Structure formats: C-alpha cells, structure tokens
Protein chains: 2
Amino acid sequence: MKNVIVNVTLKTGVLDPQGKAIQESLNSLGYKEVQQARVGKSIELQVKDGPNLEERIKEMCDKLLANPVIEEYSFVVEEAVQS
Amino acid sequence: MKNVIVNVTLKTGVLDPQGKAIQESLNSLGYKEVQQARVGKSIELQVKDGPNLEERIKEMCDKLLANPVIEEYSFVVEEAVQS
C-alpha cells in the first residue's frame, strides 16, 4: 500500500480570489506582514501497489484531480505506514 | 521575506464527502487501486520578516485558516527566493 500526496495549485498569473480574501482578512485582523496568499488543494490517496503506479497517478491528475488549463500539480509517493 | 506553506487537513475520523466522491470517481474511471482519498487545503503565504513569526503564523491558523474543531494544520517556513 502506498500513500500518494497530490498537491494542486493555481498556475502563476491565474487570479485567486479565495487567496485574496484570506490575505485581506489576515491584514484586517492585524497581520499586516502578509503580502500575498494563494490557496491550493492537497489530496491524499491510499493506493494499492501495482505496476506503472506513477504513470497512473499522472493520468488521474490530468483526468480528474487537476484542471490542466489553470492548475499545475506535483505528487509524492510514500510507503504507507502499517499500524 | 518568507514563504509559509500551511497544510490544513481534516482530523482522522471526520467524514470527508469530497474525498469520498473523488475516490468513487477514480474507481469508476478504472482506477480500482484507489482505496481512500482525503482532501485538504494548502495555503501559501508571502510574509515579511518580523519577530515571533512562527507564533504569529500559529495564531493565523487558529483564528482564520483552520477550524480547530475538525481540522488540524502544520506549516513550514522557507526563505523566499528572490528572482
């Protein structure tokens, strides 16, 4: 079993109104040092071992997890810890 | 200037309908190896250097960025790269 952590962020240049709202809220709470905020998603998958794992994760990202027009993604594969 | 990456995830045991939907969609697309999916947020902040940075980031998380009842967070502080 593997843990895959997929990080999806907006491409540079794409407007991020949610991030802007966070930045302005933090500023108005007194945290004036915050210059910019950008919000992304992190998706943690538990995946059974199999062939072509990385290739299949890439496909999942392109088809479902990220919108390649405005988002970019990266992922890391870790051995799942058995408890 | 520092880059702060805050990772907000649902606590273990809290239902994650968005993650469940992702898992089922991936399964029905043929990715049967996906056993579970959980969705979190990653928030990237650009913050001016100042005293008590880590303490202030913790306050921001508790007050605005995460809901401590159902979510947990972690963050890393990096030196911002000048371009």
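The values are calculated or read from the model by the stated rules, or taken from the named source; none is laboratory data. Since the structure is predicted, the reported quantities are computational estimates derived from the model, not experimental observations. For neighbour counting, all protein chains shown are included, and Cβ atoms are generated from backbone atoms with ideal geometry for every residue, glycine included. These area figures cover heavy atoms from the full protein model, side chains too; ligands, DNA and RNA do not enter into them. Shrake-Rupley method; radii C 1.70, N 1.55, O 1.52, S 1.80 Å.
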Inset, instruction - Could you check B:Leu10 against (1) in contact (Cβ under 8 Å) with a residue 60 or more places away in the chain; (2) out of contact with any Gly (no Cβ under 8 Å at 6 or more places or on another chain); (3) more than 9 Å from chain A (Cβ to nearest Cβ) and say which number it fails? - result: (2)
Inset, instruction - Give the residues of the range B:15-36 that are open to solvent by less than 40 Å² (accessible area, probe 1.4 Å) and closer than 30 Å to A:Leu26 by Cα, sorted by residue number. - result: B:Asp16, B:Gly19
Inset, instruction - Read through the list (1) in contact (Cβ under 8 Å) with a residue 60 or more places away in the chain; (2) within 30 Å of B:Met1 (Cβ to Cβ); (3) surrounded by fewer than 18 Cβ atoms within 10 Å (Cβ to Cβ), then give the number of the only condition that A:Met1 fails. - result: (2)
Legend entry - Restricting the range B:1-45 to residues that are assigned to a strand (DSSP E or B) and over 19 Å from A:Lys41 (Cβ atoms), the residue that is nearest to the chain's Cα centre (by Cα): B:Lys2
Inset, instruction - Determine whether B:Glu44 is open to solvent by 70 Å² or more (accessible area, probe 1.4 Å), touching a Gly at 6+ places or on another chain (Cβ under 9 Å) and under 17 Å from A:Gln35 (Cα atoms). - result: yes
Legend entry - Hits in the range B:46-79 - residues which are more than 10 Å from chain A (Cβ to nearest Cβ) and either of a type in the set (S, T, N, Q) or assigned to a helix (DSSP H, G or I) (or both): B:Asn52, B:Glu54, B:Glu55, B:Lys58, B:Cys61, B:Asp62, B:Asn67, B:Ser74
